[in-house]
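Student: Just dropping this structure here.
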Amino acid sequence: METTHKTAAWPLALVYLGLIVYASLYPFGPWRDQGVTVWSFLTAPWPKYWTAFDVVSNVLGYIPLGFLLALSALRTGRTRHFFWLALLPGTLLSLGLESCQVYLAHRVASNLDFVLNGAGTLAGCLFAWGLEKLGWLQRWARFRASWFVEEARGALVLMALWPLALLFPTTLPFGLGQVLERLEVALAQLLQDSAFLVWLPVRDVELQPMLPLTQAACVVLALLIPGLLGYGVMRPGVRRLWFVFWLLAVGVGVTTLSAALSFGPEHAWAWVTAPMKNAVFTTGVLLVALVWLTPRAAAALAVLALGVYLSLINQSGNGPYFEQTLFLWEQGQFIRFHGVAQWLGWLWPFACLAYLLGRVGGHERST
């Protein structure tokens, strides 16, 4: 009899599927009818012009989807049909998105892209199958059972998305969730030339850059939040020290990668100033001091930290230097990933807050 497990792979697959849809259809217009059938790209000649980046991105972009779909099938007991449960949805998704691109003025439907997407999905399926045969999935199941509480899927999904959210440039290292200024602009544009515009609250003064002390506090809170999120689903004890080490290592590594993508490899470590080093070190000390917190207490403390953090980060403006950085991301090969990473960077703290409020309210078991 096949064993069914609760797995974070399925919600991660759904999130990743949404990201693929966003990246494939961005910028969502203008739409137009070229007078050809929706399947015309399938019988068209192979593209004459392509780049290595296009080939690699189309394959790599679908590998995680195939892997997560296959993994979710394997972990939920559908071992007999896991291959088709992963390959078929990934292939149909690519076919549907390429068909939609026929009607997008700024996108080009390509049979080569369709084949490469299918190859990426297949590679992801085979990778999951290989891990199953080697016993790595069973090892992960044992590791998860010994380290985490039973209902840990939501936190594991959020922790897996945190590094991806950090890839998008921020006004402050690790400064996710800064949405107030952009939300005001978006609402003003939406209500323009309407009677509802007068109802929009208007600030008396412009948002100002953060003071150094506020910056340090925001960095500490921004790193403390994913740490407490992990504590909220981890069993108390010294094993949390390993989690702290990897959390800080991944956070610093991804932020450095983001700086390298934005300004070039020679400026990858430009963000590592003395105040930033002190903030990262302070966060490490605080997390070490809190290793014996119960999961429920850690979740409650994380809610408090999120409230203070979101209040501080959204009281500062973006500034022209940050806008120039965003302009670099919106050009060239970043265009497909700009919106995806941006939405993750905006929404991650709020999704984390909603999840933690659920845990504190007792909707998930803490032990």
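Coordinate-derived values only; no laboratory data. Note that this is a predicted model, so its numbers are computed, not measured. Cβ placement follows ideal geometry from the backbone for every residue including glycine, while neighbour counts extend to all protein chains displayed.
Student: Through the Karplus equation 6.51 cos²θ - 1.76 cosθ + 1.60, θ set to phi - 60°, convert the phi angles of the stretch 30-47 into ³J(HN,Hα) values in whole Hz; use x for Gly and Pro.
Tutor: x, 8, 7, 9, 8, x, 10, 6, 5, 9, 4, 5, 5, 9, 6, x, 4, x
Student: Under a no-solvent Debye model with one identical scatterer per Cα of the stretch 9-147, what's log10 I(q)/I(0) at q = 0.10, 0.15, 0.20 Å⁻¹?
Tutor: Evaluating at q = 0.10, 0.15, 0.20 Å⁻¹ gives log10 I(q)/I(0) of -0.38, -0.76, -1.14.
Student: State the Cα centre-to-centre distance between the stretch 216-233 and the stretch 49-127 in whole Å.
Tutor: Taking the Cα centre of the stretch 49-127 as reference, the centre of the stretch 216-233 is 34 Å away.
Student: Once the Cβ-Cβ distance between Val38 and Leu187 is put in as r, and R0 is 45 Å, what FRET efficiency do you end up with, to the nearest 0.05?
Tutor: The calculated FRET efficiency here is 0.80.
Student: Using only the Cα atoms of the stretch 83-141, build the gyration tensor, take square roots of its eigenvalues as a ≥ b ≥ c, and label the shape rounded, prolate or oblate: rounded if a/c is under 1.5, else prolate if a/b is larger than b/c, else oblate.
Tutor: Cα axes put the stretch 83-141 in the prolate bin.
Student: For Gln178, which sequence-distant residues (separation of 5 or more, or a different chain) have an amide H within less than 5 Å of its own amide H, given hydrogens modelled in the peptide plane?
Tutor: Counting only residues 5 or more places away or on other chains, the set is empty.
Student: Enumerate the amide H contacts of Met234 below 5 Å, restricted to partners 5 or more residues apart or on another chain; note that Pro and chain-start residues carry no placed amide H.
Tutor: Result for Met234 returns Val149.
Student: With labels modelled as points extended 7 Å from the Cα through the Cβ direction, what inter-label distance (nm, one decimal) is found for Thr51 paired with Leu241?
Tutor: In this crude label model, Thr51 to Leu241 measures out at 4.7 nm.
Student: Can I ask one more? Multiply the residue gap between Thr214 and Ala249 by 0.36 nm, knock off their C-alpha separation, and tell me the result in nm, one decimal place.
Tutor: Values: separation 35, 0.36 × 35 = 12.60 nm, distance 2.32 nm.
Between Thr214 and Ala249, full extension yields an extra 10.3 nm.
Student: Now for a different question. In whole percent, what relative contact order does the stretch 46-131 give with Cα contacts below 8 Å and a gap of six or more residues?
Tutor: 47
Student: Want the number for Glu151 to Phe263: 0.36 nm per residue separation, take away the alpha-carbon distance, what's left?
Tutor: Roughly 36.3 nm would be gained on extension.
Student: Separate question: Mind sorting Tyr26, Tyr49, Tyr355 by how few other Cβ atoms lie within 10 Å of their own Cβ, fewest first?
Tutor: With the sparsest Cβ surroundings first, the list reads Tyr49, Tyr26, Tyr355.
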